[in-house]
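All of the numbers you see were taken from the coordinates with simple rules; none came from a lab. Keep in mind it's a predicted model, so treat the numbers as computed, not measured. Counting neighbours? That spans all protein chains shown, and the Cβs are built from the backbone with ideal geometry, glycine included.
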C-alpha cells in the first residue's frame, strides 16, 4: 500500500472515529477489494484495519481521560464505542487496567510531577 493511500485511510478513520467504520468504506477510498485491502493494510501498518481503528479509539479515550472531566459514558460515545462497558472491556485488554483506574493513575502522576 502506498504512503498516500495509508494517509488517506488514516485521515478518514480519524475524521469518522465516532461512527461505525466498515472495511468496505476504507476499501473504496483506495479502490481495493476487501481481501487485498486488509492484507496490504496489515502488511503496511502492522495491524488489521479493525485492530487499527480500535487502537485509535483507545488512544483517543486515553487523551480524553487525561485531559477532560467527561464521564466514561461520554468518552465511550465520543470515541465510537457503543457504551461504557465496551470501552472498559477494550481499554482493559489494551492497557491492563480499567479506564477509571488509568485516569486515577494518570492524574496522580500529573500531580506528583508538579
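Could you please give the count of residues in the range 45-72 that are surrounded by 13 or more Cβ atoms within 10 Å (Cβ to Cβ) and over 17 Å from the mean Cα position of the chain (by Cα)? Counting residues in the range 45-72 that are surrounded by 13 or more Cβ atoms within 10 Å (Cβ to Cβ) and over 17 Å from the mean Cα position of the chain (by Cα) gives 1. Scanning the range 11-44 for residues that are touching a residue at least 40 places away in the same chain (Cβ under 8 Å), assigned to a helix (DSSP H, G or I) and touching a helix residue (DSSP H, G or I) at 6+ places or on another chain (Cβ under 8 Å), which turns out surrounded by the most Cβ atoms within 10 Å (Cβ to Cβ)? Among residues in the range 11-44 that are touching a residue at least 40 places away in the same chain (Cβ under 8 Å), assigned to a helix (DSSP H, G or I) and touching a helix residue (DSSP H, G or I) at 6+ places or on another chain (Cβ under 8 Å), the one surrounded by the most Cβ atoms within 10 Å (Cβ to Cβ) is 41. Within the set of pairs 6+ apart or on separate chains, which have a first residue in the range 88-102 that is without any contact (Cβ under 8 Å) to a residue 12 or more places away in the chain, a second that is part of a loop (DSSP other than H, G, I, E, B), and C-beta atoms under 6 Å apart? If the second residue must be part of a loop (DSSP other than H, G, I, E, B), the pairs left are 92/98.
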